[in-house]
Amino acid sequence: MSGIEKAKSFLSVLKQSIAPGNKLFAFLICLLVSSLLWSFNVLSENFTHYSNHSIEYVNLPKGKMLPEDHIKEVSFELYGSGFQLIGFLWSNSQKSLKVDFKDDQMQTLIQQPGTQLPSAEIFSRQLSFKDNKINVRSISPSQFGLLVSKKFSKTIPIVIDPTINIARGYYQSTRFIVQPSSITLYSSEKEIMELTEIKAKAHLPDELRGDYFGRLSLLLPDAVDISISPSNAWIYVPVKEEASKRFEVNLNPDPLYRKSLLCMPSKVTVELTGNIETISKLHPYDVSAYVEVESKGNKSSLLAVKIKYPLNGIFSTKVNPTHVECYLQEND
């Protein structure tokens, strides 16, 4: 009994088992079974299909470049049943093919310019033709070859002069860092040998309130065909929050008038703001306040308070009060 006869027999039995009067249900069941049988019949037949795949080139040796007309796509003419083709397309339809220059075959193309290899040897093994029992009728292009040309190369520094705006209450702890500090240019044009630097542009926020790490835009010459290694550069700007400490400091008079000078008040409040490393190490004995007598003839003067602190890394100081009233007492 053929497949069609078996299907007819199945439909006849199915029709007899359906309750009388339920014609719509019987129609839908028959339609579904017929569709499945039709699909099975169609997919059992053989078809021709063209599968196109892009090529990705990896591990190109330094100092070498691909020609402008290098092969970018390979097309396979496939022949097989509908089921086989569906199985193949399910896992391979969007797959790109790799040309790895570390392979022995690619080394042959580099060392022997003009050599061509059958495309099937390079690409067929990357696709699951055998697993799906598909016949590959042809590959276009049928031969694969590359004339890999030499490049001029030069390593030059990256130059950047960014505008860095630090938000109030923060500070740039050290100089910004560009990583890498230099790049290597590759080109088929000798003009790159005349370049001495590559300028870069940083896209910094209006104000920095913490460490910033961002990609740089490298400004390459438009007229020269250039590739670079590494392909990206970055800038790091270390930004820290300021720290403050406040001390009550005894006011030291002018040494020349230590016994005869009386100042009111005798203490002042000193607030120092700076980087967190310096402020954390700051102690009361590191800070002193004093006044200087400008004229011996004045018995009473409003004098400015001056302060001393030996540590670097202080950005600003505040003294309260800023001036004190001092009196010269006559010695008996």
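Where a number appears in this text, it was derived from the coordinates with a stated rule and is not lab data. This structure is a prediction, so every number in the text was calculated from the model and none was measured. Here the Cβ positions follow ideal geometry from the backbone for every residue, glycine too, while neighbour counts run over all protein chains shown.
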Once Lys and Arg are counted +1 and Asp and Glu -1 for all other residues with Cβ under 14 Å from that of T317, the total becomes +2
Net charge (Lys, Arg +1; Asp, Glu -1) of residues whose beta-carbon lies under 13 Å from that of N165, N165 excluded, is 0
Of the listed links K72/K95; K267/K318; K98/K190; K102/K190; K154/K199; K62/K201, those spanning more than 20 angstrom between alpha carbons are K98/K190; K102/K190; K62/K201
Along segment 210-221, Karplus-curve 3J(HN,Hα) (6.51, -1.76, 1.60; θ = phi - 60°) to the nearest Hz, with x for Gly and Pro, reads x, 4, 10, 9, x, 7, 9, 9, 7, 8, 8, x
The long-range amide H neighbours of I166, using H built 1.01 Å from N in the peptide plane and a cut-off of under 5 Å, are L208
Cβ-Cβ cut-off under 12 Å around Y57, Lys and Arg +1, Asp and Glu -1: the net charge is +1
Amide H contacts under 5 Å for L78, restricted to residues at least 5 apart in sequence or on another chain and with H modeled in the peptide plane, are H49, Y50, S51, R137
Descending packing, highest mean Cβ count within 10 Å first, for 71-80, 133-142 is 71-80, 133-142
